[in-house]
1. With respect to PHE55, is the statement that it is buried (at least 16 other Cβ atoms within 10 Å of the Cβ) and under 14 Å from LEU29 (Cβ atoms) true?
2. Out of segment 24-47, which residues are part of a helix (DSSP H, G or I) and either within 20 Å of ARG102 (Cα to Cα) or touching a residue at least 60 places away in the same chain (Cβ under 8 Å) (or both)?
3. Out of PHE107, PHE62, report the one residue that is modelled with pLDDT of 90 or more, among the aromatic types (Phe, Trp, Tyr) and open to solvent by 10 Å² or more (accessible area, probe 1.4 Å).
4. Restricting to segment 1-27, name every residue that is over 22 Å from LEU95 (Cβ atoms) and surrounded by 15 or more Cβ atoms within 10 Å (Cβ to Cβ).
5. Residues being within 10 Å of GLU49 (Cα to Cα) and in contact with a Pro (Cβ under 7 Å, 6 or more places away or on another chain): count how many of those fall in segment 15-31.
6. Residues being of a type outside the set (Asp, Glu), farther than 15 Å from TYR73 by Cα, touching a Phe, Trp or Tyr at 6+ places or on another chain (Cβ under 7 Å) and not in a loop (DSSP other than H, G, I, E, B): count how many of those fall in segment 4-23.
7. Give the residue that is nearest to LEU44 (Cα to Cα), with candidates limited to residues of segment 67-82 that are of a type outside the set (Asp, Glu) and open to solvent by less than 60 Å² (accessible area, probe 1.4 Å).
8. For residues that are assigned to a helix (DSSP H, G or I), touching a residue at least 12 places away in the same chain (Cβ under 8 Å) and out of contact with any strand residue (DSSP E or B) (no Cβ under 8 Å at 6 or more places or on another chain), tally how many sit in segment 56-83.
Amino acid sequence: MAYQVLVSGEHRALEWRGELSDASQAVELVSACIGEGCERCERLLISHEVLPAAFFQLSSRFAGEFLQKLQNYRLQTAVVIDAERDYGERFGEYLREARRGRFSRLFLSRE
């Protein structure tokens, strides 16, 4: 699997680096977080580079299904999107809503 474990103080996060193409792969990410060593990674970081174009097309339902599966396992997820790209009006609305989420949030940078 393509991932890296990031440690900041007492928190561990798994940064997923493998290409994603199907919403069902969310289970693989959960499995990687749970199975990482003897300590569980409680957070997940995903960059826009590994996400398929379908994630940004709300009509595909990819983003909703994918993030819902991660939320079902109560995995806190940060998705970093490209601040320079125009994703369209509808995705912008989704982005504003997702920034207020409890388990999944979308950010414009890793900082």
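The values are calculated or read from the model by the stated rules, or taken from the named source; none is laboratory data. Keep in mind it's a predicted model, so treat the numbers as computed, not measured. Methodologically, a virtual Cβ is constructed for each residue, glycine included, from the backbone with ideal geometry; neighbour enumeration extends over all protein chains shown. Only protein heavy atoms, including side chains, enter the accessible area calculation; ligands, DNA and RNA are left aside. Shrake-Rupley method; radii C 1.70, N 1.55, O 1.52, S 1.80 Å.
1. Values: buried (at least 16 other Cβ atoms within 10 Å of the Cβ): yes; under 14 Å from LEU29 (Cβ atoms): yes.
Criteria met by PHE55.
2. We begin by selecting, within segment 24-47, every residue part of a helix (DSSP H, G or I); these are 24-35.
Passing the criteria: ALA26, VAL27, LEU29, VAL30, CYS33, ILE34.
3. Values: PHE107 fails: modelled with pLDDT of 90 or more.
Just a single option satisfies the conditions, and that option is PHE62.
4. Within segment 1-27, TYR3, ARG12, LEU14 qualify.
5. To start, the set of residues in segment 15-31 that are within 10 Å of GLU49 (Cα to Cα) comprises 17-20.
Within this subset, residues satisfying the condition of being in contact with a Pro (Cβ under 7 Å, 6 or more places away or on another chain) are 20.
Going through segment 15-31 one residue at a time, the tally reaches 1.
6. Summing the residues that are of a type outside the set (Asp, Glu), farther than 15 Å from TYR73 by Cα, touching a Phe, Trp or Tyr at 6+ places or on another chain (Cβ under 7 Å) and not in a loop (DSSP other than H, G, I, E, B) in segment 4-23 gives 1.
7. The first filter runs over segment 67-82 and keeps only residues of a type outside the set (Asp, Glu), leaving 67-81.
Checking the rest, the ones that are also open to solvent by less than 60 Å² (accessible area, probe 1.4 Å) come to 67, 70, 75, 77-81.
Numbers: LEU67: 11, LEU70: 9, LEU75: 7, THR77: 5, ALA78: 6, VAL79: 8, VAL80: 11, ILE81: 14 Å.
Residue satisfying both the conditions and the ranking: THR77.
8. Residues of segment 56-83 assigned to a helix (DSSP H, G or I): 56, 58-60, 62-72.
Imposing the further condition that a residue be touching a residue at least 12 places away in the same chain (Cβ under 8 Å) reduces the set to 56, 58, 62-63, 65-67, 69-71.
Filter once more, keeping what is out of contact with any strand residue (DSSP E or B) (no Cβ under 8 Å at 6 or more places or on another chain): 56, 58, 62-63, 65-66, 69.
Looking only at that region, the number is 7.
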